[in-house]
Amino acid sequence: MKKLKLFLPLALIALVVSISLTSCEQREDWRFPELGNGGFIKFVQQPDTWKGSDISDGTSIVKYHIGDDPTTASFDAYVEDPTGNITSVEFWVVGDFTGAPTEAVQFGSTTTFPYNVSFTTADMANLFNVDASVFQAGDFFEFMTVITTDDGKVYISRAAECDCPLEAGDPNGSGTWNGGTIDVVVLQGGDTGDNFLLPAVWYRVKYLAP
């Protein structure tokens with residue numbers, strides 16, 4: 001009788017383990033991306049000239065007003081990597097002013113933090129190879145980033161939303177886990193969603209009164 005009592009629990013354990021292994025084998029193709037920290041950078045401190053959000057390409061992003069007189073306006077800020085998983089960041093900027101090129105130009109890049117994203121009107125004139133007199137009140141600079149994390153994923157600020165798989169058993173047939181998009185709630189920051197994240201991923205700096 002004692003041997004029977006010992007055998008029954010062992011048999012039950014073996015059955016549970018067997019079912020679990022079978023279940024895992026059947027669902028091996030139900031692969032989802034490993035969860036972890038994405039690519040995100042933020043301002044070390046909120047720039048004093050923060051003014052809420054703007055809509056760019058259908059997405060709400062943070063904006064900053066640095067004064068309506070380009071001859072005296074400037075932007076002063078540093079960005080940081082709060083999760084410590086970023087290997088590199090490229091900063092690109094598109095100008096909205098008379099004669100501005102249609103393509104983005106590279107503002108800078110870094111592999112270390114904090115990184116200075118400050119600039120003056122003279123700096124932007126040199127960057128775009130124009131005379132500083134072309135900048136007027138209402139013009140702006142839109143900053144975007146390409147962030148690479150230590151797991152090899154690339155996060156592009158203006159990339160389309162994830163074309164994620166819709167069928168669990170066919171992870172590549174109906175979409176891909178591109179791992180390179182950033183949620184709009186994170187992009188908004190400030191008090192637009194009460195998250196106070198101070199995102200520096202995608203933002204505008206305008207020549208308007210603060």
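The values are calculated or read from the model by the stated rules, or taken from the named source; none is laboratory data. Here the structure is a predicted model, which is why all the values come from computation and not from measurement. Glycine also receives a Cβ, built like all others from the backbone with ideal geometry; neighbour counts cover every protein chain displayed. What goes into the accessible areas is simple: the full protein's heavy atoms, side chains included, and nothing from ligands, DNA or RNA. Shrake-Rupley method; radii C 1.70, N 1.55, O 1.52, S 1.80 Å.
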Checklist line | Placed amide H near LEU198: partners under 5 Å, 5+ positions off or other chain | finding: GLY190
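Beyond a 22 Å Cα-Cα separation, which of these cross-linked pairs lie in this structure: LYS51/LYS153; LYS42/LYS206; LYS42/LYS63?
Those over the limit are LYS51/LYS153.
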Margin query: Can you tell me the length gained on complete extension of the stretch ASP54 to ASP68, counting 0.36 nm per residue apart and subtracting the Cα distance?
Written below: 3.3 nm
Next item on the list: Heavy atoms only, probe 1.4 Å: what % of the accessible area of the stretch 106-150 goes to carbon and sulfur, would you let me know?
Entry: 46 percent
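What accessible area per residue, rounded to a whole number of Å², is obtained for the stretch 41-154 using a probe radius of 1.4 Å?
Details: 5460 Å² over 114 residues.
On a per-residue basis, 48 Å².
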Next item on the list: Please list the non-local residues whose amide H lies under 5 Å from the amide H of THR87, H modeled 1.01 Å from N, same-chain partners needing a gap of 5 or more.
Entry: THR148, THR149, ASP150
Check: Mean separation of Cα pairs under 8 Å and 6+ residues apart, divided by the residue count of the stretch 46-133: what relative contact order is that in percent?
Finding: 26 percent
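For the stretch 76-129, go through all pairs of different Cα atoms, get the mean of 1/r, take its inverse, and jot down that Kirkwood value in Å.
Values: mean 1/r = 0.0796 Å⁻¹.
After inverting the pairwise mean of 1/r, the radius is 12.6 Å.
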Next item on the list: May I ask for the net charge around PHE113, where only other residues with Cβ less than 9 Å from the Cβ of PHE113 are counted and Lys, Arg are +1 while Asp, Glu are -1?
Entry: -2
Checklist line | Under Karplus coefficients 6.51, -1.76 and 1.60, residue-wise ³J(HN,Hα) of the stretch 66-74 in Hz, glycine/proline x | finding: 10, x, 8, 10, x, 5, 10, 6, 7
